[in-house]
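Q: Pasting a structure below so you can have a look.
Every number here is computed from the coordinates shown, using simple stated rules; none is lab data. Owing to the predicted nature of the structure, the values given are computational and were not obtained by experimental measurement. Glycine gets a Cβ as well: all are built from the backbone with ideal geometry, and neighbour counts include every protein chain shown.
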Amino acid sequence: MAQCTFIKPGRDRCKGVPVRGSTLCAAHHPNYQTQRRAGARRGGKARGTGEMPRIKSEIEAAIEAVQTGELDRGVGAVVFQGYNILMRAVEIERKVRETDELEERLLGLERALQSTEGEAEREHSWGI
């Protein structure tokens, strides 16, 4: 069976199966870069979905602990500062992910436009 010709940084050869008509697997073939990134984004979004409900649940528990006196108000204030920082980090991460997705979509549109323009120029040069 054929094997991908990509050599990894540790000098090991990739064990992937090459895509048809190539010596590289889908993970290393440049034509599949957009699909790989899209899949990675979907994976990142799927991982992130459980984070906010967990944080909200912890905040609610901390609020209740402060209200019932289980947690000292001073300690609770510091805990809430930590949650505030965590929430900002989650929001920044979401914005970065969203920006990456928009950038990838824009690059895809630019490539499609360049391809269309290239086809139009070839047609024009052939007198079609």
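Q: Rounded, prolate or oblate: pick one for the range 50-125, where a ≥ b ≥ c are the square roots of the eigenvalues of its C-alpha gyration tensor, a/c under 1.5 means rounded, and failing that, prolate if a/b is larger than b/c, else oblate.
A: Prolate.
Q: Sticking with this one: Could you give me the ³J(HN,Hα) list for the range 95-104, computed from phi with Karplus coefficients 6.51, -1.76, 1.60 and θ = phi - 60°, whole Hz, x at Gly and Pro?
A: Per-residue couplings from phi come out as 5, 4, 4, 5, 5, 4, 5, 5, 4, 5 Hz.
Q: At R0 = 41 Å, how high is the FRET efficiency between GLN67 and ILE92 if r is their beta carbon distance? Nearest 0.05 is fine.
A: 0.85
Q: A follow-up question, please. Would you kindly state how much longer the chain becomes between SER57 and TYR83 on full extension, computed as 0.36 nm times their sequence separation minus their alpha carbon distance, in nm to one decimal?
A: Gain on stretching SER57 to TYR83: 8.2 nm.
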